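Every number here is computed from the coordinates shown, using simple stated rules; none is lab data. Since this is a predicted model, take the numbers as computed values, not measurements. Cβ placement follows ideal geometry from the backbone for every residue including glycine, while neighbour counts extend to all protein chains displayed.
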Amino acid sequence: MNEKKALVTGSSRGIGRAIALTLARDGCKVLVHCAGNTAKAEETKALIESAGGKAEIIKADLCDTAETKLLAAKAADCDILVLNASLQYRNRWDKITLEECYNQLNCNFVSSLLLIQSAAEHMKQSGWGRIITIGSVQEAKPHPDMLVYSASKAAQTNMVKSLSVQLAPYGITVNNVAPGVIYTDRNVEALSDPEYAKKVTGSIPAGFYGEPEDCTGIVSLLCSDKGRYITGQSIYVDGGKSAQ
């Protein structure tokens with residue numbers, strides 16, 4: 001993947017950072033995206049560059065469609081899109097506010113559509129492109145207090161299936177990678193409760209929760225020429241949780 005340009009949204013930390021580092025090692029120039037924490041993005045950039053890779057920081061709040069459109073214009077020449085950024089609120093279904101709903105839908109679904117619309121023309125002209133959305137095991141096992149989050153991830157994967165058929169003739173693959181319980185800073189507080197952690201691991205056939213690096217191998221494959229015949233798929237990386 002030498003000389004390929006990749007945008008990884010939400011790559012200042014967690015799964016996004018692990019993917020950005022992997023794609024950089026694979027030879028891509030990586031656009032490290034953050035919503036606001038530039039310091040964390042600088043850390044990711046430094047890690048990439050210290051390993052001999054190339055990186056650039058790009059900032060945009062994906063809850064704001066105007067900012068997303070600006071990001072889309074700046075990243076229109078990307079060969080690889082990894083749409084990892086997401087937002088989730090824990091709230092009972094009957095207590096969800098419109099603001100919570102719109103923010104999650106804009107970040108988790110609308111931003112993906114806008115970024116794909118922008119980059120697809122360059123990919124078509126190149127005759128090569130890779131689009132990967134990062135979904136969630138909640139597509140199969142929705143959390144009762146994350147209704148909008150799980151619904152937005154399912155909508156994103158439905159979009160993947162539709163676009164994979166429409167973009168395949170241009171040499172563009174479109175896939176979804178759906179992580180299960182991954183130990184990132186988003187989950188640290190919840191998993192610090194021993195009883196809750198025991199309940200969570202008990203729900204995973206493998207018996208443990210994953211690390212961000214567990215998500216990188218399949219993304220690397222899907223972005224490479226070795227993954228050229230894989231498209232329209234949703235691949236779970238979840239220790240077997242979705243299979244139950």
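Potential lengthening of the chain between Lys54 and Asn187 amounts to 44.9 nm, from the contour at 0.36 nm per residue minus the alpha-carbon distance.
Spacing of the modelled spin labels on Thr65 and Lys226, each 7 Å from Cα toward Cβ, amounts to 4.1 nm. Given +1 at the Cβ of Lys and Arg, -1 at the Cβ of Asp and Glu and no other charges, the dipole of the chain around its Cα centre is 420 debye to the nearest 20.
With each label modelled as a point 7 angstrom along the Cα→C-beta vector, the Lys95-Ala39 pair spans 3.1 nm.
Summary of the geometry: region 55-94 and region 169-211, compared by the centres of their Cα atoms, lie 21 Å apart. This structure gives semi-axes √(5λ) of the Cα gyration tensor in Å, computed directly, and of (i) 27, 20, 19; (ii) 25, 24, 16; (iii) 27, 24, 18 that value is listed as (i). The calculated FRET efficiency for Glu3 paired with Ala243, based on their beta-carbon distance and R0 = 41 Å, is about 0.60.
In straight-distance terms, cross-link reach from Lys241 covers every one of the lysines whose alpha-carbon lies under 17 Å from its own, apart from those fewer than eight places away in the same chain; here that gives Lys141, Lys153, Lys198, Lys199.
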